[in-house]
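Some notes on the structure that comes next.
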Amino acid sequence: MKFEELIQQIERGQFAPIYLLHGEEPFFIDRLSELLQKKVLTEQERAFNETIAYGADADVVNIIHAAKRYPMGAARQLVMVREAQRLDNFELLESYFEVPQPSTVLVLCHKYKLVDKRLKAYKVLQKQKQAVVFESNRLRDYQMGPWVADYLKSRGLTIDPRASQLLLDSLGESLEKVAQAVDKLVVAMGPGAKQITIEQVSRNVGISKEYNVFELQDALIKRDVFKANRIVRYFAANPKAQPLPMITGALFSFFSKLLGYYYLKDKSKAAVASQLKVNPYFVDKYQMAAKNYTGVKVAQIISLLREYDMKSKGFGNTGTPDGELLQEMVFKILH
């Protein structure tokens, strides 16, 4: 089941007796568990019907006993196990998975990794028609833009593709950070707003409209030496504005896709967008970059980005500041 579908079910008050929320991406698990905690019980019912346990301190036998209890003065009870990945003897839950208590909502928050699918307990749970097993997988870079668009759509808003790209390039791939920024934008926009623009992102999220990785990438695409150097000097003087690993990551994503562009037989806008998994709005950026850089040069740039990313993390670097590393890297890209 998809995250959005599960959210809708919970919002409607349709609860399963067991939820296993597991996987590498903590954002989805946190949002689902927060919503369940909010919706399963009323404020008055929580005192006697809510049990919160933590994997490192919890005993599986005690969790089963808690789950088998009957609610007091309520239609159901909530038993939530946070950090379930730290539970000892997870497999002992098999017996409860086979016959869950209908009046209990048991939520297992197994973060940062999947449950071992070889365990019999997991196989039993998968076959349990009353249970919800949700895999919280990390989004790939090409999935982030559509996710932001869908996240905003559920709030009745759209976002300019450039504004979305600025957000993602500046905040990285942390869904929690991106969601917090988007939530801040939604509040700042106020009622009646329709679309989030690049100006609003710049004004409300604290990202400079002129000095950001999106503008640096644009300058490199156009081989605009003056603009690129102006942005690089700003980054060197304000190292916290845009960390070097974030810059190399964003540029690596673009130039890696640009390398793939050369091998496409069909270079129409629709085909490029589909094959490279980019918004059609940005296809002209790849077309322009392909005119300004040869395939050989792009391969060299990708190698440079890897090299300077490692240096920014201390490998092969004797103490050169990130600002100087960035200046060196951009010079080598442009020349």
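The values are calculated or read from the model by the stated rules, or taken from the named source; none is laboratory data. These figures come from a predicted structure and were not determined experimentally. All Cβ positions, even for glycine, are placed from backbone atoms using ideal geometry, and neighbour counts span all protein chains on display. Just the protein is used for accessible areas: all its heavy atoms, side chains included, with ligands, DNA and RNA removed. Shrake-Rupley method; radii C 1.70, N 1.55, O 1.52, S 1.80 Å.
See the values below:
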read-out	value
Residue match in segment 166-173 (condition: without any contact (Cβ under 8 Å) to a residue 60 or more places away in the chain, under 20 Å from the mean Cα position of the chain (by Cα), open to solvent by less than 20 Å² (accessible area, probe 1.4 Å) and closer than 20 Å to residue 4 by Cα)	no
Segment 235-294, residues that are free of Cβ contacts under 8 Å to residues at least 40 places away in the same chain, among the β-branched types (Val, Ile, Thr) and under 19 Å from residue 334 (Cα atoms)	294
Of residues in segment 314-335 being among the β-branched types (Val, Ile, Thr) and part of a loop (DSSP other than H, G, I, E, B), the one most open to solvent (accessible area, probe 1.4 Å)	318
From the options 79, 40, 61, residue that is open to solvent by 60 Å² or more (accessible area, probe 1.4 Å), among the aliphatic types (A, V, I, L, M) and at negative phi	61
Yes/no for residue 236 being out of contact with any strand residue (DSSP E or B) (no Cβ under 9 Å at 6 or more places or on another chain), outside any loop (DSSP other than H, G, I, E, B), hydrophobic (A, V, I, L, M, F, W, C) and open to solvent by less than 20 Å² (accessible area, probe 1.4 Å)	no
Qualifying positions in segment 185-198 - open to solvent by 80 Å² or more (accessible area, probe 1.4 Å) and either more than 23 Å from the chain's Cα centre (by Cα) or within 12 Å of residue 162 (Cβ to Cβ) (or both)	191, 194, 195
Per-region count, segment 102-123, residues of a type outside the set (Phe, Trp, Tyr) and open to solvent by 30 Å² or more (accessible area, probe 1.4 Å)	10
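Residue by residue, here is whether (1) over 16 Å from residue 27 (Cα atoms); (2) among the acidic types (Asp, Glu) holds:
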{"position": "108", "(1), (2)": "no, no"}
{"position": "113", "(1), (2)": "no, no"}
{"position": "117", "(1), (2)": "yes, no"}
{"position": "138", "(1), (2)": "no, no"}
{"position": "144", "(1), (2)": "no, no"}
{"position": "150", "(1), (2)": "no, yes"}
{"position": "154", "(1), (2)": "yes, no"}
{"position": "169", "(1), (2)": "yes, yes"}
{"position": "181", "(1), (2)": "no, no"}
